[in-house]
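A.B. asks: Have a look at this one.
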Amino acid sequence: MKICLAILLFALCAQAHPTDLITNTDGRKTTSLDGQWQVIVDPYESGYYNYRYQPSDNGYFKNAKPKSKSDLIEYDFDKSATLKVPGDWNTQSDQLFFYEGTVWYKKSFDYQRKADARLFVYFGAANYFADVYLNGEKLGQHEGGFTPFNFEITKLVRDTGNFLVVKVDNKRRRDAVPTLMTDWWNYGGLTREVMLIETSSTFVNDYLVQLKPGSRDRVSGWVRLAGEKLSQRITVRIPEAGVVKSFATDGNGLAAIDFNADLKLWSPESPKLYDVTIEAETDRVRDQIGFRSIETRGTDILLNGRPVFLRGVCIHEEAPLRGGRAYSREDAVTLLGWAKELGANFVRLAHYPHNEFMIREADRMGILVWSEIPVYWTIEWENPATLENARNQLSEVIARDKNRAAVVIWSVANETPLSDARLSFLRNLITHARQLDPTRLLSAAMERHYLDNKTQMIDDPLGEFLDVLGCNEYVGWYDGLPEKADGLEWKSKYQKPLVMSEFGGDALFNHHGDSLTRWTEEYQENIYQHQISMLKRIPFLRGAAPWILMDFRSPRRPLPGIQDYWNRKGLVSDRGEKKKAFYIMQRWYRELKKSQH
Ligand code: GCB
């Protein structure tokens, strides 16, 4: 299977060399390790710790076999059950549905490689901790459930009989990102693709090829090599635009790139992608890149210099029609297809980085993306390790997606309670994001409050540091009845665009009643009707993203017969059936689209 992934990023771990990133797999030799893996469910982590709770030298990662009939070995991968990768474990086995803990995965492979090639093992994502071993040796650990990582295995790999073992642990932790409490399912496992990637000994390990901020005909960025031969001539080609530009990398393998180009700009109406190649003396990578500008002016969001209204919808990475963690191109096409049908030109991918298929498809389909990290609700603001972890997750998603035209907003947090510690944590993330990527807008779903019972005020101090204000509100669901929205006025301390990043309420598909009966499609429809008339009255509103496109699993939602562990705020049910509110939103978005042209 050919997987189109842009940036493969090294885990920041002791064993990995942090500068050895790998870029695009296009034009690279890759071997998929997807398929059935042998697994051992290990709730007490006895494959990792001995009975004194010390890490053991003879853990399951050794994949040991009895050498004689008297040998005592209490596990056997080869006789164990299997799970499909990519995939969460919860929806592959009834026994694992509510499981939070450790599962060991094992895959054997042979590999014939060329003499001077380097080999990496790449993970699209593993939720949440992954300890990775090859042939019994530890490669490293990765923390964070939604971003890619990889390890070099050039020296350890053998021609035959390799065994790759991964301990995946999804126990929730107070100091983690996200923390203990979320409103989504904690799907565990190797949830995205795993593959081997072969590169030349010095290779193009990363690049940024985007329009220079403030310009629509100047491309700027950088290319970085990793390996021994760091000083090289590199050439950037965009054949369709007649671009052939050469640069020299410095002693650290870095070349700044900067050139004029006459480009057809990427937009939702015309999502033009160009073939771009980056050629070094020892390597060559290909990518498909769209060029567009995104900025704000006063309360406007400007796409390619023109005001745009973000007709959006929020999406969780829940698989359409079958449930479980979504991961394939087909899942992305289905979810984004429904968003398009709704009339959206924008999606908020909540509440963590989604798989790369989503971003790649959004690039192709012309859908603007808000991408976010799981700094959600009650993170440990004062814990430096938690901050480091959040920064790392942000670095990893920016590394992966920084060349995607679709992504226009990085969001650093969702509904986080006000405090000085929280503000300094989030400011740190904002500064970090701006340093890594000066081309995109920064946002967050902020706090807001009632000044009196008719006025909502946006004055969260975070607003000062953001480009786009995000607010979640549930007027009509958690906050009064639907008609409460009619009398509400919105004020903001900031002269900045607002995206209403959540609103809505639950309805079980095909559950009917009057417009004030909870859980019915009629109640949900009623909320949307009142919401839309309120939203129309907010003068600085520049985008809306109702919660949510499709019902999604949540352990916080047990109500029998209605929720059954699903958050039912979807405009579409988990089976793909459209609820009445879908058509209310669709009608508004049609009107908006007409009025924009
Ligand atoms: C919110 C959260 C979202 C929840 C939603 C709800 O404010 O941001 O993650 O799922 O409300 O349904 O309550």
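A quick yes/no check of all residues on (1) at pLDDT 95 or above; (2) part of a loop (DSSP other than H, G, I, E, B); (3) within 34 Å of the chain's Cα centre (by Cα); (4) at positive phi:
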{"position": "73", "(1), (2), (3), (4)": "yes, yes, no, no"}
{"position": "89", "(1), (2), (3), (4)": "yes, yes, yes, no"}
{"position": "95", "(1), (2), (3), (4)": "yes, no, yes, no"}
{"position": "100", "(1), (2), (3), (4)": "yes, yes, yes, no"}
{"position": "105", "(1), (2), (3), (4)": "yes, no, yes, no"}
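A.B. asks: How many residues does the stretch 121-138 contain that are assigned to a strand (DSSP E or B) and out of contact with any Ser or Thr (no Cβ under 7 Å at 6 or more places or on another chain)?
C.D. replies: Number of matching residues: 11.
A.B. asks: Quick test of your reading of the structure: residue 114 fulfils all but one of (1) surrounded by fewer than 19 Cβ atoms within 10 Å (Cβ to Cβ); (2) in contact with a helix residue (DSSP H, G or I) (Cβ under 7 Å, 6 or more places away or on another chain); (3) within 30 Å of residue 278 (Cβ to Cβ). Name the failing condition by number.
C.D. replies: Every condition holds for residue 114 apart from (2).
A.B. asks: Within the stretch 400-430, restricting attention to residues that are farther than 26 Å from residue 270 by Cβ and in a loop (DSSP other than H, G, I, E, B), which residue is nearest to the ligand (Cβ to nearest atom)?
C.D. replies: The selected residue is 415.
A.B. asks: Determine which member of the set 317, 361, 372 is modelled with pLDDT of 95 or more and open to solvent by 10 Å² or more (accessible area, probe 1.4 Å).
C.D. replies: One residue alone meets the criteria, 361.
A.B. asks: Continuing with the same structure: I want to confirm something. Restricting to the stretch 516-554 and keeping residues that are out of contact with any Leu (no Cβ under 8 Å at 6 or more places or on another chain) and small (Gly, Ala, Ser), which single residue is farthest from the ligand (Cβ to nearest atom)?
C.D. replies: The qualifying residue farthest from the ligand (Cβ to nearest atom) is 533.
A.B. asks: Still on this model: In the stretch 344-367, which residue that is more than 18 Å from residue 410 (Cβ to Cβ) and assigned to a helix (DSSP H, G or I) is nearest to the chain's Cα centre (by Cα)?
C.D. replies: So the residue we want is 357.
A.B. asks: On to the next question. With respect to residue 396, is the statement that it is under 19 Å from the mean Cα position of the chain (by Cα) and open to solvent by 10 Å² or more (accessible area, probe 1.4 Å) true?
C.D. replies: Considered against the rule, which asks whether it is under 19 Å from the mean Cα position of the chain (by Cα) and open to solvent by 10 Å² or more (accessible area, probe 1.4 Å), residue 396 comes out as no.
A.B. asks: Next question. Condition (residue is surrounded by fewer than 23 Cβ atoms within 10 Å (Cβ to Cβ) and either at positive phi or within 16 Å of the ligand (Cβ to nearest atom) (or both)) applied to the stretch 384-391: is it met by at least one residue?
C.D. replies: no
A.B. asks: Let me ask something additional. For the stretch 481-510: of the residues being touching a Gly at 6+ places or on another chain (Cβ under 9 Å), part of a loop (DSSP other than H, G, I, E, B) and open to solvent by 30 Å² or more (accessible area, probe 1.4 Å), which is farthest from the ligand (Cβ to nearest atom)?
C.D. replies: Per the stated criteria, the residue is 495.
A.B. asks: Could I ask something else about it? Output the residues belonging to the stretch 555-587 that are within 12 Å of the ligand (Cβ to nearest atom) and crowded, with 16+ Cβ neighbours inside 10 Å.
C.D. replies: Within the stretch 555-587, 557, 563, 566, 567, 568, 569, 570 qualify.
A.B. asks: Still on this model: Please give the strands (runs of 3 or more DSSP E) falling wholly within the stretch 431-480 in which 1 or more residues are hydroxyl-bearing (Ser, Thr, Tyr) and within 16 Å of the ligand (Cβ to nearest atom).
C.D. replies: 441-446
A.B. asks: Examine the stretch 254-277 for a residue that is under 30 Å from residue 86 (Cβ atoms), open to solvent by 60 Å² or more (accessible area, probe 1.4 Å) and out of contact with any Phe, Trp or Tyr (no Cβ under 8 Å at 6 or more places or on another chain), and state whether such a residue exists.
C.D. replies: Yes, the stretch 254-277 has at least one match.
A.B. asks: For the condition open to solvent by 10 Å² or more (accessible area, probe 1.4 Å), touching a Gly at 6+ places or on another chain (Cβ under 8 Å), modelled with pLDDT of 95 or more and of a type outside the set (Ser, Thr, Tyr), what is the one hit in 309, 247?
C.D. replies: Exactly one residue qualifies, and that residue is 309.
A.B. asks: Separate question: Check residue 593 against each of (1) assigned to a helix (DSSP H, G or I); (2) within 22 Å of residue 482 (Cβ to Cβ); (3) away from the ligand (no atom under 16 Å from the Cβ) and name the one condition it does not meet.
C.D. replies: So the condition that residue 593 fails would be (2).
The values are calculated or read from the model by the stated rules, or taken from the named source; none is laboratory data. Remember, it's a predicted structure, so these values are computed and weren't measured experimentally. Using ideal geometry, Cβ is built from the backbone for each residue, glycine included, and neighbour counts are taken over all protein chains shown. Surface areas here come from the heavy atoms of the whole protein model, side chains and all, with no ligands, DNA or RNA. Shrake-Rupley method; radii C 1.70, N 1.55, O 1.52, S 1.80 Å.
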